[in-house]
Amino acid sequence: MTDTTGTTGTPNKKHRKRPVCAVALMGCAALALAACGSTKDTAAGAGGGGGDGGTGKVGVVLPLLTSPFWQSYNDYVPKMAKSEGVDALKTVNSNSDPSQQITDINNQLNQGVQGLVVAPLDSAAIGAGLDQAERKGVPVVAVDVAPDKGKVAMVVRANNVSYGKKACAYLGDHVKSGKVVQIMGDLASVNGRERSKAFRDCVKAEYPKLKVLEIPAKWESDTAASKLDTLLNANPDIKGIYMQAGGVYLAPTLQTLKSKGLLKKTGSDGHITIVSNDGIPQEYAAIRKGQIDATVSQPADTYAKYGMYYVKAAMQGKKFEPGPTDHGSKIVKLPSGTLEDQLPAPLVTKKNVDDPELWGNTVK
């Protein structure tokens, strides 16, 4: 159930913007590059987990492979590892089980990896695996989800608060009043928490005529379908839906709406406005068909690319500072003190769904 890509692994041009440091800064040389969060070599270190110029084995742990998004990420990993000069082992799939993910991390460490790229399932539970890696001196880069505790060299992620706000703004601009639903992810994940709170807070502040109904679905398609069916029975007048993960929720949501005669084409009477997250090809197809209205493109390609970049840098002992990067993103410091590279995640609608630079349009 793995997608194949029709790309060479080259990141989108949209992710290649150069950093813009303040003009007032004088002597913007190596120090300024670090201050601007540049991903160029800013601080070489004699230490680091690699000990061999960053060419040691790297383990890659996936959260699941039942979502087209993670299937695409999985396909990008070996290509981006090659382009970044990283010797990555075959990916390991934790099958949506946080306990299994800790076991997978320990197994990778026992194989002698010198770096790890992990997409955490549970922001708190992952701390046990991160502690094991730290004890062995193995640097870890977290992709997609930031841990609540535990040491990581960098979090590679998009701004999930922005996801919720973009979905809120789109629904608020197209649904003037009435009930809207947000199908939430796992609230044990910081992603689920941030998207949910951002959407909820935005609606309350900016679109008070909307009433938010919520479905906690734990990134589970069956749970989403069952709860949406029940909710629609009690609330047949739903006007909008925000799906926090199209890779998991798209198919069951469309099927549920279709079974109830509520899947109306965009622009027709009774159409339920739908905004999603992920940017997978299936969402783009649904936008073109008028089944859904928009999605936020989560960058599977650059998640893989910069996961590999930062784990190699960590193995070489390189350090980074908060600020804009040379690939159109921004490194921020989280409350825990961990650094996070927040990659661009554009809103995709019918107007730009055919943009060839969107990663979802490079996947067959």
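The values are calculated or read from the model by the stated rules, or taken from the named source; none is laboratory data. Not measured: the values here are computed from a predicted model. Using ideal geometry, Cβ is built from the backbone for each residue, glycine included, and neighbour counts are taken over all protein chains shown. Each accessible area value is taken on the protein alone, full model and side chains, heavy atoms only, with ligands, DNA and RNA left out. Shrake-Rupley method; radii C 1.70, N 1.55, O 1.52, S 1.80 Å.
Of the residues Arg157, Arg193, ranked by 1.4 Å probe accessible area with the largest first, the sequence reads Arg193, Arg157.
For the pair Lys82 and Gln255, a Förster radius of 35 Å applied to the C-beta separation gives a FRET efficiency near 0.35, rounded to the nearest 0.05. Taking amide hydrogens as placed 1.01 Å from N in the peptide plane, the amide H of Val181 sits under 5 Å from those of Leu213, Gly240, Ile241, Tyr242, each at least 5 positions away in sequence or on another chain. How many angstrom separate the Cα center of the range 223-285 from the Cα center of the range 63-84? That distance is 27 Å. 3J(HN,Hα) along the range 302-310, derived from phi through the Karplus expression 6.51 cos²θ - 1.76 cosθ + 1.60 where θ = phi - 60°, amounts to 7, 4, 5, 4, 7, x, 5, 4, 6 Hz, with x in place of Gly and Pro. Rolling a 1.4 Å probe across all protein chains gives Lys57 an accessible area of roughly 90 Å².
Restricting to the range 213-349, compute how many DSSP beta bridges are antiparallel as a %, nearest 5. Intermediate values should be presented prior to the final figure.
Values: 8 of 15 bridges.
Rounded to the nearest five, the antiparallel share is 55 percent.
Amide hydrogen proximity for Ile272: with H placed 1.01 Å from N in the peptide plane, the residues at 5 or more positions away or on another chain lying under 5 Å are Lys264.
Multiply the residue separation of Leu334 and Asn106 by 0.36 nm, subtract the distance between their alpha-carbon atoms, and state the gained length in nm to one decimal.
Between Leu334 and Asn106, full extension yields an extra 79.5 nm.
Once the Cα gyration tensor of the range 99-171 is found, what semi-axes does its equivalent ellipsoid get, as square roots of 5 times the eigenvalues, in whole Å, sorted largest first?
Values: eigenvalues 160, 25, 18 Å².
Equivalent-ellipsoid dimensions as semi-axes: 28, 11, 9 Å.
Protein-only accessible surface at a 1.4 angstrom probe places the residues Lys204, Lys166, Lys197 in the order Lys204, Lys197, Lys166, largest first. Could you compute the FRET efficiency for Lys289 and Glu214, with r as their C-beta to C-beta distance and R0 at 25 Å, rounded to 0.05? For Lys289 and Glu214, the calculated efficiency is 0.40. Solvent-accessible surface of the range 201-316, averaged per residue with a 1.4 angstrom probe and all protein chains in place: 39 square angstrom.
In order along the range 235-245, the Karplus-derived 3J(HN,Hα) couplings, from 6.51 cos²θ - 1.76 cosθ + 1.60 at θ = phi - 60°, round to 9, x, 9, 4, 10, x, 9, 10, 9, 6, 8 Hz, and Gly and Pro are given as x.
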